[in-house]
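Inspection log for the structure reproduced underneath, given as structure tokens.
The values are calculated or read from the model by the stated rules, or taken from the named source; none is laboratory data. Bear in mind that the values here come from a model prediction, so they are computed numbers and not experimental data. Note that each Cβ is placed from the backbone with ideal geometry, even for glycine, and that neighbours are counted across all protein chains shown. Ligands, DNA and RNA are stripped out before the accessible areas are found, and what is left, the full protein with its side chains, is counted by its heavy atoms. Shrake-Rupley method; radii C 1.70, N 1.55, O 1.52, S 1.80 Å.
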Amino acid sequence: MRHVLSALVQNVPGVLSHISGMLASRGYNIDSLAVGETEDPQLSRMTFVVVGDAAILDQVRKQLEKIVTVVRVDDISARDYVERDLMLIKVSAPERQRSQIRELTDIFRGRIVDVSSDMVMIEISGKERKIEAFIELMRPFGIVELVRSGRIAMVRGSAPSSDAKG
């Protein structure tokens, strides 16, 4: 089962390395990881996607909560949340195929952000399924390069999270 964890951490050097190293040393695979500063410059939010059963999820949470720089860990996968993934994809685009690529980009609510004589770069964001579907549609054109951000997620509504580090 896929779990989305959100960890609020102190924004200090070495936190990402410490957390990812700890998880790796215990054999937990991180399917996706995104980190960024929050509205408070002293804190960063790390969003993890981990695959495993409830026991694995519980162990990952316990290990994260032991780390001094971790302020709070929330399992948001069982709650109502919004998630997004960002991708930049460079696709071969000879003149005769550009209109078709542009139409597909528009359908997926993407944006062409760079154009050269023989390729285009497209920015697209959304749920993982949307990103994967767009990749499959671009394969026949020839994917030159692709980069993805990793999942970010936030619980809907205004109530602060109740899953706090003890």
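Measure off, as a whole percent, the carbon and sulfur share of the 1.4 Å-probe accessible area of the range 29-148, all protein chains present.
49
Considering only Met87, Ser77, Met138, the residue lying farthest towards the positive end of the dipole of the range 52-166 is Ser77, judged by Cα position with unit charges set on Cβ. Neighbours of Gly126, meaning other residues whose beta-carbon lies under 15 angstrom from its beta-carbon, give a summed charge of +1 when Lys and Arg score +1 and Asp and Glu score -1. If you count Lys pairs in the chain whose Cα atoms are under 21 Å apart, skipping same-chain pairs closer than 8 places in sequence, the total is 4. Across all directions, the average projected area of the convex hull around the alpha carbons of the chain is 11.5 nm². Rolling a 1.4 Å probe over the heavy atoms of the protein chains gives the chain an accessible area of 58 Å² per residue. Tell me, how many Å apart are the Cα centres for the range 23-68 and for the range 97-115? The two parts, judged by their Cα centres, are 35 Å apart.
The listed residues Asp53, Asp40, once ranked by accessible area (1.4 Å probe) with the largest placed first, stand as Asp53, Asp40. Around the Cα centre of the chain, unit charges on the Cβ atoms of Lys, Arg, Asp and Glu (plus for the first two, minus for the last two) sum to a dipole of about 140 debye.
Here the gap between Lys62 and Val147, fully extended at 0.36 nm per residue and compared with their Cα-Cα distance, gives a gain of 27.5 nm. The Ser92 and Asp31 beta-carbon pair, evaluated with R₀ = 35 Å, returns a calculated FRET efficiency of approximately 0.75.
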